[in-house]
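Participant: One structure, pasted below without further comment.
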Amino acid sequence: MIMTRSRYLTYTLVSVLMLSMAVRAAIDLSDSILQKFEQKYGSEPTENVRQWRDLLETSKGLGEKEKLVAVNNFFNLKIKFKDDIIHWQKEDYWATPFEFIGTGAGDCEDFSIAKYFSLLELGVSDDKLRMTYVKALAYNQAHMVVTYFPEPGAVPLVLDNINKAIEPATKRKDLLPVYSFNGAGLWLAKERGLGKKAGSSGRITLWKDLNKKLAAGL
């Protein structure tokens, strides 16, 4: 599934002050947080969070590609797609992984955010990860995926909630990159590689708001 809004988000860059380095909030999965989570969302979503925590604990010893598969499969199988306007009554909303799992639904951005933060928790370097806006050509719509670069300049692997198989970007002819970002920076797309760095990911208001929510807890 994919976002239903037809606008392309070619540049969702707003006029805010540039940050020298965007700060990424860490994920707190302590027992006290799970207790607060259960009070807010109930027992069934809390079991899903426990399974998420177990996944992060048991997958730390895996190789990086195995980590990608574990995280990609977990969210693609556990969570249903739902567009923001239906789910949150907002045109665009970036949910934290807690909100995503707690409500059991989200759009492509929420899938990508949860996968990105999970991989960071598993020790995958931020330098290897991007959240990448693309145009999904078959749907003629904007879409977000996670891309993983095994080494600088390599063809990235794509973690997606539409095509659930992890494939190299060169095989995803259905996706046209627009821009990508992570906790350290923002890149304008250049073919299917890293592209040209355009500044801090702090320029994206929704990204800043997401990290503030994570830093505040649930």
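The values are calculated or read from the model by the stated rules, or taken from the named source; none is laboratory data. Computed from a predicted model, the values in this text were never measured in an experiment. Virtual Cβ from ideal backbone geometry, glycine too; neighbours counted across all protein chains shown.
Participant: Tell me which residues, restricted to the stretch 98-138, are acidic (Asp, Glu) and under 16 Å from residue 27 (Cβ atoms). Spell out the reasoning first.
Facilitator: Step one: filter the stretch 98-138 for residues acidic (Asp, Glu), giving 99, 107, 109-110, 121, 126-127.
Hits for the stretch 98-138 are 99, 110, 121, 126.
Participant: Taking the stretch 80-119 as the region of interest, how many residues are of a type in the set (Lys, Arg) and either within 14 Å of residue 53 (Cα to Cα) or within 11 Å of the chain's Cα centre (by Cα) (or both)? Full working, then the answer.
Facilitator: From the stretch 80-119, those of a type in the set (Lys, Arg) are 80, 82, 90, 115; that's our starting set.
Still in the running and either within 14 Å of residue 53 (Cα to Cα) or within 11 Å of the chain's Cα centre (by Cα) (or both): 115.
Final tally of qualifying residues: 1.
Participant: Within the stretch 161-218, how many residues are modelled with pLDDT under 75, of a type in the set (D, E, K, R), touching a Leu at 6+ places or on another chain (Cβ under 8 Å) and over 14 Å from residue 133 (Cβ atoms)?
Facilitator: Residues meeting the conditions: 2.
Participant: Moving to a separate point now. Identify, by number, the condition in (1) buried (at least 18 other Cβ atoms within 10 Å of the Cβ); (2) of a type in the set (A, V, I, L, M, F, W, C); (3) over 20 Å from residue 210 (Cβ atoms) that residue 113 doesn't meet.
Facilitator: Among (1) buried (at least 18 other Cβ atoms within 10 Å of the Cβ); (2) of a type in the set (A, V, I, L, M, F, W, C); (3) over 20 Å from residue 210 (Cβ atoms), residue 113 violates only (3).
Participant: Follow-up. Please indicate, with yes or no, whether at least one residue in the stretch 134-155 is in contact (Cβ under 8 Å) with a residue 24 or more places away in the chain, of a type in the set (Phe, Trp, Tyr), in contact with a Ser or Thr (Cβ under 8 Å, 6 or more places away or on another chain) and more than 30 Å from residue 43 (Cα to Cα). Steps first, answer last, please.
Facilitator: Initially, the stretch 134-155 is screened for residues in contact (Cβ under 8 Å) with a residue 24 or more places away in the chain, giving 134-150, 152-153, 155.
From the residues that got through so far, the ones that are of a type in the set (Phe, Trp, Tyr) too are 139, 148-149.
Right, trim to in contact with a Ser or Thr (Cβ under 8 Å, 6 or more places away or on another chain) and you get none.
Looking for residues that are in contact (Cβ under 8 Å) with a residue 24 or more places away in the chain, of a type in the set (Phe, Trp, Tyr), in contact with a Ser or Thr (Cβ under 8 Å, 6 or more places away or on another chain) and more than 30 Å from residue 43 (Cα to Cα), one finds none in the stretch 134-155, hence no.
Participant: Looking at 122, 77, 137, which is the one that is at pLDDT 95 or above and either within 11 Å of the chain's Cα centre (by Cα) or surrounded by 15 or more Cβ atoms within 10 Å (Cβ to Cβ) (or both)?
Facilitator: Working: 77 fails: either within 11 Å of the chain's Cα centre (by Cα) or surrounded by 15 or more Cβ atoms within 10 Å (Cβ to Cβ) (or both); 137 fails: either within 11 Å of the chain's Cα centre (by Cα) or surrounded by 15 or more Cβ atoms within 10 Å (Cβ to Cβ) (or both).
The conditions single out 122.
Listed here are the residues, each with its yes/no results for (1) surrounded by fewer than 14 Cβ atoms within 10 Å (Cβ to Cβ); (2) at pLDDT below 50; (3) part of a helix (DSSP H, G or I).
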position	(1), (2), (3)
18	yes, yes, no
25	no, no, no
38	no, no, yes
45	no, no, yes
55	no, no, yes
